[in-house]
Amino acid sequence: MPEDEELVELKFRLYDGSDIGPFLYPPASTVAILKDRILAEWPKDKKIAPKGVNDIKIVSAGKILENSKTVGQCRMPFGELQKGVITMHVVVQPSVAKSTKEKKLDESEKSCICSCSIL
């Protein structure tokens, strides 16, 4: 098991300013593992909630993190910090299937637009 000094302390800031965490992670943990933890710890009283890990985007240092990246790789901009909690932002983005369905509804509304002319 890695020593405590090697672990990275992360917390996840939600859309309303509340946080999940902080939790300690080994640098070899992937972003996919972080998303699993966020989904498991998501507060039940939130109006906006992810349905699965694919609905979650994690933003750190202004970049959306890829599932295959490790915590150690994501920590690079913060490498000079010895201790302290790193805050990562969580964005809930609906799945593609839902977005496509919404677009179809919008397009059908457009076909019903009145084409009156004002003289």
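Here are some notes:
- Selection within the range 3-32: residues that are β-branched (Val, Ile, Thr) and closer than 13 Å to residue 88 by Cβ. The member of this set that is nearest to the chain's Cα centre (by Cα) is 31.
- Of the candidates 63, 69, 51, the single residue that is modelled with pLDDT under 95, farther than 14 Å from residue 92 by Cα and under 13 Å from the mean Cα position of the chain (by Cα) is 63.
- Within the range 26-54, residues that are of a type in the set (Lys, Arg) sit with their Cβ atoms under 6 Å from residues that are surrounded by 13 or more Cβ atoms within 10 Å (Cβ to Cβ) and at pLDDT 90 or above, at 6+ positions apart or across chains, in these pairs: 35/53; 35/56.
- Among the residues of the range 72-100, those that are in a loop (DSSP other than H, G, I, E, B), under 15 Å from the mean Cα position of the chain (by Cα) and either modelled with pLDDT of 70 or more or surrounded by 15 or more Cβ atoms within 10 Å (Cβ to Cβ) (or both) comprise 93, 94.
- Filter result for residue 46 (out of contact with any helix residue (DSSP H, G or I) (no Cβ under 9 Å at 6 or more places or on another chain), surrounded by 12 or more Cβ atoms within 10 Å (Cβ to Cβ), among the basic types (Lys, Arg) and in a strand (DSSP E or B)): no
- Count - residues of the range 36-47 that are at pLDDT below 90 and among the hydrophobic types (A, V, I, L, M, F, W, C): 0
The values are calculated or read from the model by the stated rules, or taken from the named source; none is laboratory data. These numbers come from a predicted model, not from an experiment. Positions of Cβ are backbone-derived with ideal geometry, glycine not excepted, and every protein chain shown enters the neighbour counts.
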